[in-house]
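Visitor: Next up is a structure, given as structure tokens.
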Amino acid sequence: MGTEVLTLIDQGALDEELARAGEILRKGGLVAFPTETVYGIAVAADIPEAVERLYEIKRRDRDKPMTLMVADAASVIVRCPELPPHAVALMKRFWPGALTLVLEDEKKHLAGFRLPDHPLARGLVRAAGVPLLVPSANISGTPAAKTAAEVLEHFPTELDLIIDGGPAEGGIDSTVVKIVGDEVTVLREGAIPEWRIRQPHWANVLFVCAGNTDRSPLAAAILRRRLADQLSCEESELEEKGYQVASAGLAADVGRRASRKVRRVARDEFASPLTLEQHRAQKLSQDMVDRATHIICMEREQREEILAFFPHRERDVYLLDPEGNDVTDPAGAPYPAYVRLAKRLDAAATLIVGSILPA
């Protein structure tokens, strides 16, 4: 008998499908489903026969443990009451998301934990009502499946159910990090680069607009000022304290200066002038995206364009306006429009400072 495939029609109403999948899992079945990285296969962790069956079909070494998928961070704290501080920092920074943490449980056994940034995946954990082991949906040593069709190619008859929720959004495996005491080991570098794991409190804020001559350079200059004020330091000291602020444009004319009116706002509308005279426009690059921890766009269209190329960074790409409104380009508008823009960017900077500084 072949593997059953359940194609989701309405991803906003999954109660019936999740209830059915949960029942299959509680009975020892195997269910494949999408996460924000790749497709995974879930099995009830407390049913040894089901776990053994999963090891067999994946052809996975028995000494290679599988990740426990959780619906919230509290589930990890119950199993690992003595969480290392670095683990807590990583959970706060990257969960839910593409991070698997390997930690010591209460019996000092190593166990992997993942809190996915995917409503279907978290819903499945809740619907099952039992701990779920979830490795990637592939034969060990082969590329992880990113679609239900690829899962079916690997396992045409071996699974009980495949939930087809469309292509997995990221297509990149989660980063796997082992933390024992103060020792941090990156076992697999995936969607989250290793340097970000090593510096979970580091913040590299990148503002993005179109031309990088008005909105984004002014936003960057204001944020540098507000961060320095909050940290009681000079702007030149921000980097050594763990903060970088930059700006770029999706369609920048490389090398152009900030516009005359923006430079006037920076000079005349603040208690002490902002630094914009040396700014030169730069075009957004992959390296900038890779190194940024917060990518803040002025318009929804800009955010969509970035995510079209970097879908695995969805949790890190924001709109500047928390209500989702565009901050439109003031080019060609009279000077008061630039003053209003500065006030709007200044208000946003206050919120950003509160979100990136440690509590």
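Visitor: Sort 340-348, 268-276 for me by packing, meaning the mean count of neighbouring Cβ atoms within 10 Å per residue, highest on top. Intermediate values should be presented prior to the final figure.
Guide: Numbers: 340-348: 17.8, 268-276: 13.3.
Packing order, densest peptide first, comes out as 340-348, 268-276.
Visitor: Let me see the P(r) profile for the stretch 1-101: every Cα-Cα distance counted, bins of 10 Å, each bin given as a percent of all pairs.
Guide: Going out from 0 Å in 10 Å bins, the stretch 1-101 shows 11, 37, 36, 14, 1 percent.
Visitor: On to the next question. Taking all pairs of distinct Cα atoms, average 1/r, flip it, and tell me the Kirkwood hydrodynamic radius of the stretch 1-56 in Å to one decimal place.
Guide: Numbers: mean 1/r = 0.0805 Å⁻¹.
After inverting the mean inverse Cα-Cα distance, the result is 12.4 Å.
Visitor: Next question. Just the number: Rg to Rh for the stretch 5-192, Cα atoms, Kirkwood Rh, two decimals. Kindly include the intermediate steps, with their values, before the conclusion.
Guide: Values: Rg = 15.5 Å, Rh = 16.5 Å.
Dividing the radius of gyration by the Kirkwood radius yields 0.94.
Visitor: Highest mean first, what order results for 21-32, 247-258 on Cβ atoms within 10 Å? Write out the running numbers ahead of the final one.
Guide: On the way: 21-32: 20.1, 247-258: 17.4.
Averaged packing, sorted descending, gives the order 21-32, 247-258.
Visitor: I've got another one for you. Tell me the Rg and the Dmax, in Å, that the Cα atoms of the stretch 276-315 produce.
Guide: Values for the stretch 276-315 (Cα only, Rg and Dmax): 11.4, 35 Å.
Visitor: Another question, then. Provide the per-residue ³J(HN,Hα) series for the stretch 120-134, in order, calculated from phi with Karplus coefficients 6.51, -1.76, 1.60 and θ = phi - 60°, each as a whole number of Hz, with x at glycine and proline positions.
Guide: 5, 5, 5, x, 5, 4, 5, 5, 5, x, 9, x, 10, 8, 9
Visitor: If you don't mind, there's one more thing I want to ask. How many Lys pairs in the chain lie less than 29 angstrom apart by Cα atoms, where the lysines are 8 or more positions apart or on different chains?
Guide: Final tally of qualifying lysine pairs is 27.
Visitor: Under the rule of at least 5 residues apart or a separate chain, name every residue whose amide H is placed under 5 Å from the amide H of residue 207.
Guide: Residues meeting the amide H criterion: 246, 247, 248, 296.
Visitor: Related question: So what is log10(I(q)/I(0)) for the stretch 203-356 at q = 0.20 1/Å, when the Debye sum runs over its Cα atoms only?
Guide: With no solvent term, the Cα-only Debye profile gives -1.36.
Visitor: Would you compute, from DSSP H runs of 4+ residues alone, the mean residue ellipticity of the chain at 222 nm, taking -39500 (n - 2.57) per run and dividing by the full residue count, rounded to the nearest 500?
Guide: Numbers: 12 runs with 125 residues, N = 359.
Helix contribution divided over all residues of the chain: -10500 deg cm²/dmol.
Visitor: Need one number: nm distance between label points at residue 271 and residue 241, each 7 Å from Cα along Cα→Cβ, rounded to one decimal.
Guide: Label-label distance for residue 271 and residue 241, simple model: 1.5 nm.
Visitor: Moving on. Show log10 I(q)/I(0) for the stretch 302-346 at q = 0.25, 0.30, 0.34 Å⁻¹, two decimals, from a solvent-free Debye sum over equal Cα scatterers.
Guide: Cα-only, vacuum Debye calculation for the stretch 302-346: -0.90, -1.06, -1.19.
Visitor: Under a no-solvent Debye model with one identical scatterer per Cα of the chain, what's log10 I(q)/I(0) at q = 0.07, 0.11 Å⁻¹?
Guide: Treating every Cα as an identical point scatterer, log10 I(q)/I(0) equals -0.37, -0.81.
Visitor: Ranked highest first by average number of other Cβ atoms within 10 Å, how do 209-216, 148-155, 310-317 line up? Display every interim value, and only then the final one.
Guide: Numbers: 209-216: 25.4, 148-155: 19.8, 310-317: 17.8.
Answer by packing, highest mean first, reads 209-216, 148-155, 310-317.
Every number in this text was worked out from the coordinates using simple rules, so none of it is lab data. Please read these numbers as outputs of a predicted model, since none were measured by experiment. Cβ atoms come from the backbone with ideal geometry, glycine included; neighbour counts cover every protein chain shown.
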